[in-house]
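Colleague: Submitted below is the structure of interest, expressed as structure tokens.
The values are calculated or read from the model by the stated rules, or taken from the named source; none is laboratory data. The shown structure was predicted, so the numbers you read here are calculated from the model rather than taken from an experiment. Note that we place each Cβ from the backbone using ideal geometry, even for glycine, and neighbour counts take in every protein chain shown. Just the protein is used for accessible areas: all its heavy atoms, side chains included, with ligands, DNA and RNA removed. Shrake-Rupley method; radii C 1.70, N 1.55, O 1.52, S 1.80 Å.
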Amino acid sequence: MIWLGIETANAPLSIAIVKDGKVVAEVVQNIKLTHSVGAMPAIEEVINKAGITSTEIDAIAVSEGPGSYTGVRIGVTLAKTLAWSLQKPLVGVSSLKVLAANVRVSNYTVCALFDARRQNVYAGVYEGITQTPVIEDHHDHIDGLLTKLDALKRPVLFVGTDVEVYFEKIQEVLGERAVRVPYTLDLPRASELIAVAEVQELPSVDAVHAFVPQYRRIAEAEANWIKEQKKEQQ
């Protein structure tokens, strides 16, 4: 079975082809190139390197969020378009779970973290080996997340390029229970995305239209609109 994986939920980009449980081709990059420019060429690149045609793809996996609104939308739009045009099933996976999968061999509790600006984060906490959720994916102020993690009374392994933004504060609260992964594990990989997706039940092709991103919070523009509506009603 041939999978195409698309990961664009945040600044890093990763695209992969996995065939029968083996990584055939993969692109992982963290450069200043917008996904609207770089994602489709990267998809074409891995397909060509894998020596297949797009029609040979059996299923598509995509990082469904949370993360950058633009990044999530680009990845999901590409995945839905390809899935529908090729008439292939589409499987969505949490972008936080994809990142946590980089350290699934660890005995630690793993916290995958993305910066959401203004001292807010997207975070998901998992058991390292089983990837069982300990704290479900959510949006929170960093202080709120640290309160939850401190209550666990367990060492926590932090993964993600944005961890550096908050690691000094993390250490202030958790002390030696806060452990940082090597930087080589901080980038999400589309091959891990596929590995998580392929153990799930494949949806029907008709389900592609109903597929939606998982933002975990409303957009700032929508939040501002709601505030204005409430003011007008007062």
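Colleague: Can you tell which of G75, G21, G67 shows the greatest fluctuation in a Gaussian network model of the chain with Cα springs below 10 Å?
Modeller: Ranking G75, G21, G67 by mean-square fluctuation puts G21 first.
Colleague: Can you give the calculated 222 nm mean residue ellipticity of the chain, where each DSSP H run of n ≥ 4 adds -39,500 (n - 2.57) and the sum is split over every residue, rounded to the nearest 500 deg cm²/dmol? Could you put the intermediate results ahead of the total?
Modeller: Working: 7 runs with 85 residues, N = 234.
Counting only the DSSP helices, I get -11500 deg cm²/dmol.
Colleague: Let me ask another. In percent, how large is the relative contact order of the chain, given Cα pairs closer than 8 Å and 6 or more residues apart?
Modeller: Relative contact order, the chain: 23 percent.
Colleague: A follow-up question, please. Once a ≥ b ≥ c are taken as the square roots of the eigenvalues of the Cα gyration tensor of the chain, is the result rounded (a/c under 1.5), prolate (a/b larger than b/c) or oblate (a/b not larger than b/c)? Walk me through the numbers on the way to the answer.
Modeller: On the way: a/c = 1.94, a/b = 1.30, b/c = 1.50.
It comes out oblate by the Cα gyration axes.
Colleague: Also: What residue among S68, S95, S54 shows peak mean-square fluctuation when the chain is described by a Gaussian network model with Cα springs under 10 Å?
Modeller: With Cα springs under 10 Å in the chain, the top fluctuation among S68, S95, S54 is at S54.
Colleague: Please check: in the Gaussian network model of the chain (C-alpha springs, under 10 Å), which one of V91, V23, V105 has the largest mean-square fluctuation.
Modeller: The residue with the greatest mean-square fluctuation here is V105.
Colleague: Any idea of the accessible area per residue across the stretch 58-210, 1.4 Å probe, to the nearest Å²? All intermediate terms of the calculation are to be shown ahead of the outcome.
Modeller: Details: 6700 Å² over 153 residues.
Each residue of the stretch 58-210 exposes 44 Å² on average to a 1.4 Å probe.
Colleague: Lys pairs in the chain, Cα-Cα under 20 Å, at least 8 apart or on separate chains: how many?
Modeller: Working: K19/K49; K19/K88; K22/K49; K22/K88; K80/K88; K97/K148; K148/K169; K153/K169.
So the count of such lysine pairs works out to 8.
Colleague: Sticking with this structure for a sec: Would you rank L82, L113 by solvent-accessible area, highest first, keeping every protein chain in place and using a 1.4 Å probe?
Modeller: Of L82, L113, the descending order of accessible area is L82, L113.
Colleague: Provide the net charge surrounding Q131, with neighbours chosen by a C-beta distance below 10 Å and charges set as Lys +1, Arg +1, Asp -1, Glu -1. Show your work: numbers first, answer last.
Modeller: Values: positive: K97, R104; negative: E127.
My count for the surroundings of Q131 gives +1.
Colleague: Take V205 and E45, extend 7 Å from each Cα along the Cα→Cβ direction, and tell me the distance between the two endpoints in nm.
Modeller: For the pair V205/E45, the computed spacing is 3.0 nm.
Colleague: While we're looking at this one, here's another question. Pop out the ³J(HN,Hα) list for the stretch 32-47 in order, Karplus 6.51 cos²θ - 1.76 cosθ + 1.60 with θ = phi - 60°, rounded to Hz; leave Gly and Pro as x.
Modeller: 7, 9, 4, 5, 5, 9, x, 5, 5, x, 5, 4, 4, 5, 5, 5
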